[in-house]
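What follows is one structure encoded as structure tokens, with my remarks underneath.
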Amino acid sequence: MIGRFKMDEARVHPDLGPDYADFLAADFDPLQYARQVARGDNDSHKDTDNDQMAHAMESLSKRADALDGLLKQTVIASHADLLKQVVGVKALDASLAQVEDNVREIKVYMHALRTKIRVPYQQSLAYTSQASNLHAAIRHVRATARFMQLVRRLQTQIPSDTASGSPDFALGALTLLDIERAVAGGDLEGIHIVDQGMESIVRPRRHRTIAQAEQMLETGIRLRNQGDIAGGLQILFNLGTLATAVAARVKQYISIWESTVRGRLDPRDVSAYVRDHNARAKSIDGSDMVGITGVVLNRIEGLVDDLLARGLELRVLERVLARKRDVLPRFDVSNFSSSLAVDISSSNTGGNGATPSFLDLVARELDKNSNNGVRVVAFWWREALSLLAVEINSACEESSVINQMLTNSYPRVVQLFVPKLEQLQPLDFSMLWDRLLGKFEAEYVSRAASRIEDAVTRCYPPPPPPGLMEAQEKRNLALPGMATGSELITAVSVVPNRKLVAGVIRSMSTELEMAKSDTRLSAAVAGAASSAARTFASVTGTKIAAVTVNPSVLNPFGVPPHPLTKSLVGLFNTAESLRVGIDELDSRGFSVDGSALSALVDKHVASLLDTADRAVTEAIYQAGTAGDSSSLPSLDLFDIAAQWLQTQVLEPLNIASFHWRVVEMVTKYLCMYTRVVCLTFPLTEETKLLLTGHATQFEFACSQLIAAASKMAPGGNKNAKVLSDLGRPYRALRMMRPLLFMSTGELTRLVGEEKPDNDILMADLADHIVCRVATSILDNSTCTNADVRQFLPYHIHQCKWSKWVSSPESDVQLQQRHSMLAESLKHLVAKAMQIENVPAKLVSLAQATIDKLLSPEHSLSPPQGL
């Protein structure tokens, strides 16, 4: 403290000088300092020892006095402050004394309080320990008593011998479960009587119960006895091992199946079996020998039989699982959602969907990764099919022979397996077929489609080699009277051979017959056949377009006819024959789409007949308009067009659907030509004779057209029409010959009949009468042909010849025509009245015709021809 004080003072008063430096050193030692002074080590003094000591003492005394003065000065300066601090310390000391008294009182109070709490607490701990021990003893005693009670009940439910009664394993299983839970609680651990009871009574009966449940399940599944299965499942459920036991049994099925399938289709094993079996064959004709195909199919059949048998066993098990449920479950199933077998379970629970069936519990155990699990049968099919598919795929990868055999024999496989698998559910059957034989089906359908397409391709020969057409052209040009070679070669090469087209039908029929055992395969092959039909229609359409690009092919007035016209009709017949064959396949139950062929035939044949119809109609118009000039009517163009229609179209055409179209065309021609004859002007005697011959010629040409179309009639010639079957148009044409030579009086009587027996329309008869009156005016006056012609109805009303010749289409048009004819006759009668030599009977005929035309009864439609 003195040293530290001196150091502080030295720092505060630096005027003390260096004399105090030795005393302020940290390692200052007074004894050492005294020895130094005594030895005279101080270099500043050279006096004697006594003087030195006296001088040192004096120096030290001065220093001490100086320090004392400094200390006094410091004390005096700090005295007031120290007094204040002393007062504060006293006050603080008083406060601390008061606090100390309070703390002392608190300690006394806490000691008393601790005494009041500790003693009851220690007593409570002692009482609690005693109560806990007592409760533990009671629990152990109660558990032991409960165990003994359950053991006695178990002995009653499952006696040790049959003399004591028949065992009730279902109730015994419940007791075993209760015993297991009681022992699992830990309260009976180490109790001798419990261990002895478990060893001698409980465990043997548990083994008997499990064995009984397994036996009932085994017997029930084997015999498909749902009662035994339900009993075994109930025992397992009461034991609490239902899910694990049934799942283990299903997985055991999978393990057995895996050992059965593995290596069954191994190509080496199959080859060795075939080789060994044939080596032992003793038949001379080899009837007892086998081949790889038969062995593989037999083994696959055996595997499928085994697969199906096991699957049906598990289906019975699944049905019982779906129907069984515990009405009062002793397991926590509140959070378990029953989503499996709703259709089965809902009908057996009275609408209570909260209680899961046994199937729900087993499904959850079979697939723990799924929220709802998986059905027993679905699990079996999934796993078993995977193993069988792996074996088949492995055999196909190792042996191309087996792969080729299964592909080519796919219909046989279908015929072999489908009857066996029909009892499966549709979903199971589809999964089985897709997993096992789906790829073979696709390959077989592809090959079947290729075979049908090849048959279609063979129908059309390849184009001729380069230079052949030019050589044929030169050769034909060198021969007199020969046509050009290009057309002849094209005519030969454009139409497929009928045998080749029939080969397409046979190919389709063969493939469809082989595939008819399976609906899906049949539909796939039918789709391939439909595609081939569309291909045939496309190629035929291309050929038709190539043929019709030449306008001479469709020229009915071409002389001689183009050779490709019959080839064009041959293309139509080819497409029609294929369509008819497809219709026959449809009638046998095969859904082959031949709409492309029908559309092709209908479109092009209708177009061809339209072309011929326009040509014949134009020729008939020309036959009528030829009479407008000085020349007589002619049927030359009609003969050419009708001959072209008959020989180039109808005779080679063999499409039944167009028979009625031809009949309608001929009917129209008869009506038109009848009208043309009635409109012939001037009607001289020479013209009458010529028209008589023309009518006979026209009738013969129409009969030839009908005869040419008769072979197309549905049902054969017995349903074919002849010209006389056309009714009124035919009879009207037949009446033209006598009508031309009727006298005026006969015509007047014919017009005046209320119910005429003739088949000529009143409009046509009026046209004939107009022409007669106009011819009489021309013969008995100085008028020219053109002057009289202007009074004809189609000239008066500025109507085209073709429009007037065409038949009226409605009642209004017929009534308008009657009015036009009446107006024309009025003009002619007025003109005739100005001529002296016109017969009065002819005027009377005209007047009677006017009255008939304007009568209300002739405003009706003309009778139909057929």
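Here the condition is being assigned by TED's automatic domain parsing to the domain that holds ASP305, closer than 30 Å to LEU171 by Cβ and without any contact (Cβ under 8 Å) to a residue 12 or more places away in the chain; of ALA272, ALA211, ALA248, it holds for ALA248 alone. The requirement of being surrounded by 15 or more Cβ atoms within 10 Å (Cβ to Cβ) and without any contact (Cβ under 8 Å) to a residue 60 or more places away in the chain is satisfied by ASP178.
Restricting attention to region 111-125, report how many residues are of a type in the set (Gly, Ala, Ser) and modelled with pLDDT of 85 or more. First the steps, then the outcome.
Of all residues in region 111-125, those of a type in the set (Gly, Ala, Ser) come to 112, 124.
With the extra rule that they be modelled with pLDDT of 85 or more, the set shrinks to 124.
Of the residues in that region, 1 qualify.
Would you check which residues across region 702-728 are of a type outside the set (Gly, Ala, Ser) and at pLDDT 90 or above and list them? Across region 702-728, the qualifying residues are CYS702, GLN704, LEU705, ILE706.
Out of ASP168, ASP65, one residue alone is surrounded by 10 or more Cβ atoms within 10 Å (Cβ to Cβ), without any contact (Cβ under 8 Å) to a residue 40 or more places away in the chain and under 60 Å from the mean Cα position of the chain (by Cα). It is ASP168.
Among the listed residues LEU366, LEU308, LEU359, which satisfies the condition of being touching a Ser or Thr at 6+ places or on another chain (Cβ under 8 Å), among the hydrophobic types (A, V, I, L, M, F, W, C) and at pLDDT 50 or above?
Details: LEU366 fails: touching a Ser or Thr at 6+ places or on another chain (Cβ under 8 Å); LEU308 fails: touching a Ser or Thr at 6+ places or on another chain (Cβ under 8 Å).
Just a single option satisfies the conditions, and that option is LEU359.
Candidates in region 600-633 are the residues that are hydroxyl-bearing (Ser, Thr, Tyr) and part of a helix (DSSP H, G or I); of these, the one that is modelled with the lowest pLDDT is THR625.
Across region 772-807, which residue is farthest from VAL676 (Cα to Cα) among those that are β-branched (Val, Ile, Thr) and surrounded by 21 or more Cβ atoms within 10 Å (Cβ to Cβ)? The selected residue is ILE777.
Can GLU218 be described as within 51 Å of the chain's Cα centre (by Cα), on the phi < 0 side of the Ramachandran plot and surrounded by 12 or more Cβ atoms within 10 Å (Cβ to Cβ)? Considered against the rule, which asks whether it is within 51 Å of the chain's Cα centre (by Cα), on the phi < 0 side of the Ramachandran plot and surrounded by 12 or more Cβ atoms within 10 Å (Cβ to Cβ), GLU218 comes out as yes. Taken as a whole, the structure places SER386 among residues that are touching a residue at least 40 places away in the same chain (Cβ under 8 Å), surrounded by fewer than 17 Cβ atoms within 10 Å (Cβ to Cβ) and in the same structural domain as ALA309 (by TED's automatic domain parsing).
Being within 16 Å of ASN654 (Cα to Cα) and assigned to a helix (DSSP H, G or I) is the requirement here; does LEU705 meet it?
Working: within 16 Å of ASN654 (Cα to Cα): yes; assigned to a helix (DSSP H, G or I): yes.
Taking the combined requirement at face value, the residue satisfies it.
What is the residue count in region 528-558 for residues that are at pLDDT 90 or above, among the small types (Gly, Ala, Ser) and surrounded by 15 or more Cβ atoms within 10 Å (Cβ to Cβ)? Total meeting the criteria: 8.
The values are calculated or read from the model by the stated rules, or taken from the named source; none is laboratory data. Fair warning: this is a prediction, and the values are worked out from it, not measured in the lab. Here the Cβ is made from the backbone with ideal geometry for all residues, glycine too, and neighbour counts use every protein chain on show.
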